[in-house]
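The values are calculated or read from the model by the stated rules, or taken from the named source; none is laboratory data. All of these numbers come straight from a predicted model, not from anything done at the bench. Reconstructed Cβ throughout: ideal geometry from the backbone, glycine too, with neighbour counts over all protein chains shown.
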């Protein structure tokens with residue numbers, strides 16, 4: 001068990017003023033507050049998505065439930081296409097950005113000197129630049145190149161989005177792997193590339209998988225790049241949803257159904273890959 | 001190069017190691033240069049030109065766009081204060097709540113996994129969806145919060161029709177999303193802390209609060225510094241949540257830096273002015289983040 005959670009037989013201070021039962025009641029109250037705060041909005045959205053259109057206005061009473069909203073949303077061609085687009089984009093962008101950053105992270109972890117220092121500086125600098133300052137000129141570039149609203153025009157920027165962040169995270173992964181195996185391999189005549197690809201990389205695979213899951217979800221959830229760099233042909237799920245909010249301002253039942261579908265992957269990943277996610281969330 | 005290098009230094013001189021390093025760096029650096037650095041330079045170029053969608057003459061007009069943005073009352077009196085207020089409130093509130101949550105989770109109890117799953121959800125759900133949820137919950141006619149307030153007999157508040165209520169909901173949503181991030185990172189660090197200082201505090205009969213302020217907090221300070229730095233940088237560029245909740249309204253009163261830039265470029269369709277705003281914002285956060293980085297580095301060695 002963890003360090004600060006020593007067995008508290010005689011709690012002092014404000015907690016000590018409470019009887020053990022009172023302490024338990026306090027914790028129960030905290031649990032309820034957490035559930036209400038973090039689960040509440042999600043539950044409301046799910047309930048709304050299961051209501052017939054006329055019943056969302058009476059969310060606090062009535063017992064009418066239906067799956068019709070989901071049927072209707074999934075029958076809308078623009079929505080299904082947005083789901084497919086988002087899925088393909090998230091998968092491709094994850095594969096490419098992981099592949100591109102794994103070696104730079106390894107470099108940062110294993111070497112010192114001017115080259116890693118320069119790369120570190122670059123990473124810090126461009127990690128700080130706000131997305132809008134970067135996606136606005138990207139729009140101009142894509143427009144001039146004629147790849148605006150094409151798959152290339154959204155995939156290539158999405159590979160670049162996480163370069164700085166992932167290089168940094170990957171360094172952390174390799175820092176956690178003892179380099180002595182690689183030195184041993186080098187002494188045994190293995191090339192530097194062999195030491196990297198066949199000795200260090202396999203040990204980092206679980207951590208990289210964790211980052212891959214997060215990367216997939218980040219791209220699936222991403223909004224600003226999608227809003228600016230996609231048009232009718234390449235609409236992504238977040239942008240389609242946002243259009244629903246602003247254009248169909250009153251059809252909350254349909255919007256909720258779409259939002260519930262769009263947060264499906266997040267929920268699945270949270271429930272079934274939680275340990276991976278938490279491993280990937282490190283800084 | 002005159003004398004033959006000895007074995008130990010050979011690959012330094014030949015640059016074999018440097019070549020390996022550069023090759024490892026090549027893919028990431030190429031993508032970064034092509035899709036981030038070059039576009040930013042092109043954007044900087046656009047910011048000096050008269051470049052709107054309707055008259056793309058692209059004539060050089062020097063610093064006129066910069067002068068416009070830096071004297072724009074709405075940028076100075078609304079956008080900048082909103083941006084920094086959101087940053088400070090969101091980061092400090094989610095740090096505080098995250099610390100409390102981390103302590104709450106740092107115990108063994110039935111249903112811990114379930115609670116952790118629920119806490120993780122806001123961080124995993126798209127900010128767009130989180131903002132939609134809040135917009136729906138705070139809907140002034142049909143939302144659950146409105147219903148609750150009505151039930152309490154307090155009348156109705158048109159949350160998203162006034163500046164400060166809207167702004168509060170933006171902050172609330174951002175805190176909702178980011179508290180779990182703080183909580184889980186701090187929890188991981190709490191668990192890796194050495195036990196001895198806590199045992200010493202117990203022997204010295206320090207209460208839980210004193211133990212927290214005098215033992216836990218100082219040991220957590222480095223990780224808190226890094227978290228605050230990262231989160232502040234990200235909070236400065238908030239876009240999704242504000243866009244969905246208010247779109248910068250009512251009457252552009254909740255605009256933050258990203259929304260302002262977006263408006264100039266894609267609603268007013270003035271790419272030159274938008275680019276200038278983008279560069280100004282990037283400059284501001286680079287200075288702020290640089291100062292924070294110095295402070296964090298002084299507080300603890302995090303240059304790793």
Go through region A:187-201 and give me each residue that's closer than 23 Å to residue A:101 by Cα and assigned to a helix (DSSP H, G or I).
A:192, A:193, A:194, A:195, A:196, A:197, A:198, A:199, A:200, A:201
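Results for (1) out of contact with any helix residue (DSSP H, G or I) (no Cβ under 8 Å at 6 or more places or on another chain); (2) surrounded by fewer than 22 Cβ atoms within 10 Å (Cβ to Cβ); (3) more than 11 Å from chain B (Cβ to nearest Cβ), shown as yes or no for each residue.
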| position | (1), (2), (3) |
| --- | --- |
| A:148 | no, yes, yes |
| A:151 | no, yes, yes |
| A:154 | no, no, yes |
| A:162 | no, no, no |
| A:167 | no, no, no |
| A:170 | no, no, no |
| A:173 | no, no, yes |
| A:179 | no, yes, yes |
Return the total of residues in region B:174-199 being under 17 Å from residue B:118 (Cβ atoms) and facing chain A (nearest Cβ under 9 Å).
6
Scan region B:240-264 residue by residue and report those that are surrounded by 23 or more Cβ atoms within 10 Å (Cβ to Cβ) and in a loop (DSSP other than H, G, I, E, B).
B:246, B:248, B:254, B:255, B:256
What are the pairs with Cβ atoms under 6 angstrom where one residue, in region B:99-111, is within 12 Å of residue A:27 (Cβ to Cβ) and more than 7 Å from chain A (Cβ to nearest Cβ) and the other, located anywhere, is modelled with pLDDT of 80 or more and part of a helix (DSSP H, G or I)? Sequence gap at least six, or different chains.
B:105/B:187
How many residues does region B:136-149 hold that are touching a helix residue (DSSP H, G or I) at 6+ places or on another chain (Cβ under 8 Å) and facing chain A (nearest Cβ under 7 Å)?
4
Would you pick out the residues in region B:115-142 that are within 16 Å of residue B:168 (Cα to Cα), buried (at least 18 other Cβ atoms within 10 Å of the Cβ) and free of Cβ contacts under 8 Å to residues at least 60 places away in the same chain?
B:133, B:136, B:137, B:138, B:139
Kindly indicate whether residue A:214 is in a helix (DSSP H, G or I), under 30 Å from residue B:135 (Cβ atoms) and out of contact with any helix residue (DSSP H, G or I) (no Cβ under 6 Å at 6 or more places or on another chain).
no
Looking at (1) within 19 Å of residue A:240 (Cα to Cα); (2) part of a helix (DSSP H, G or I), which is the only condition residue A:98 fails?
(1)
Condition first: within 8 Å of another protein chain (Cβ to nearest Cβ) and within 14 Å of residue B:29 (Cβ to Cβ). Now tell me which residues in region A:107-124 satisfy that.
A:107, A:115, A:116, A:119, A:122
Among (1) farther than 22 Å from residue B:42 by Cβ; (2) buried (at least 17 other Cβ atoms within 10 Å of the Cβ); (3) in contact with a helix residue (DSSP H, G or I) (Cβ under 6 Å, 6 or more places away or on another chain) - the single one residue A:110 does not satisfy:
(3)
